[in-house]
Amino acid sequence: MSKTRVTAAVLAAAVALAAGTALRAQGTARKTKPAAPAPKHVMVTADELKWGPAPPGLPPGAQAAILYGDPGKAGPFVVRAKFPDGYRVPPHWHPTDENVSVLSGTLAMGMGDKVDEASMKALGAHGFAHTTKLTHHYVIAKGATEIQIHGTGPFAITYVNPNDDPRKKSQNP
Ligand SMILES: [Cu+2]
């Protein structure tokens, strides 16, 4: 063997060894850690969104579409909601942070336990709000309004005044 050939052979052996080590390491990782779910790639046009009545935790009249994930489960999610003019979500809070982007219309948002329209901030298209988990807040749509909400589930809504909870109303009409 020439010197070059020997070097090449040693190199090949070294690469094979390194590859084998990497594979074994991967195998070990697979055994000790549950496999992460395959990343789900989502590309949707506005026409492809599947709209339906918003979940019963929201007052009736809103439409919602899930873009990504499942707000009811652990993990990231992105949803959209359409509110008619004057639609209100009374003072409430969530167990997780909420991120709201206004796509069209105007969403007025206020903080606290009681609706105080004078203190509300009007968020027009491209406006944004982040509410930290457990923070009490409320919204009123000014004109037909579409928003996008993203966060990390499980997402839930609890009303400050239990009488405002539409789920309670549907159970005890
Ligand atoms: Cu909220």
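The values are calculated or read from the model by the stated rules, or taken from the named source; none is laboratory data. What you see is a predicted model, and the numbers here were worked out from it, not measured in a lab. Don't worry about glycine lacking a Cβ; one is built from the backbone with ideal geometry, like all the others, and counts go over all protein chains shown.
Data overview
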| quantity | calculated |
| --- | --- |
| Only listed residue being in contact with a strand residue (DSSP E or B) (Cβ under 8 Å, 6 or more places away or on another chain) and within 14 Å of the ligand (Cβ to nearest atom), chosen from T135, T106 | T135 |
| Residues located in segment 120-173, provided they are more than 24 Å from L49 (Cα to Cα) and among the acidic types (D, E) | D164, D165 |
| Residue list for segment 85-99, filter: buried (at least 18 other Cβ atoms within 10 Å of the Cβ) and away from the ligand (no atom under 11 Å from the Cβ) | Y87 |
| Tally, over segment 75-95, of residues that are assigned to a strand (DSSP E or B) and either over 16 Å from I157 (Cα atoms) or within 16 Å of the chain's Cα centre (by Cα) (or both) | 10 |
| Meets criteria (β-branched (V, I, T) and either within 13 Å of the ligand (Cβ to nearest atom) or surrounded by fewer than 18 Cβ atoms within 10 Å (Cβ to Cβ) (or both)) for T145 | no |
| Which listed residue, of L107, L103, L67, is in the same structural domain as G151 (by TED's automatic domain parsing), over 22 Å from K142 (Cα atoms) and in a strand (DSSP E or B) | L67 |
| Criterion: more than 13 Å from the ligand (Cβ to nearest atom), of a type outside the set (V, I, T), under 30 Å from M43 (Cβ atoms) and surrounded by fewer than 17 Cβ atoms within 10 Å (Cβ to Cβ) - qualifying residue of A156, A74, A122, A118 | A74 |
| Selected residue (only one of G110, G75, G105 is modelled with pLDDT of 95 or more, touching an Asp or Glu at 6+ places or on another chain (Cβ under 7 Å) and more than 19 Å from A54 (Cα to Cα)) | G110 |
| Qualifying residue in segment 155-162 (condition: under 17 Å from P95 (Cβ atoms), assigned to a helix (DSSP H, G or I) and in the same structural domain as L103 (by TED's automatic domain parsing)) | yes |
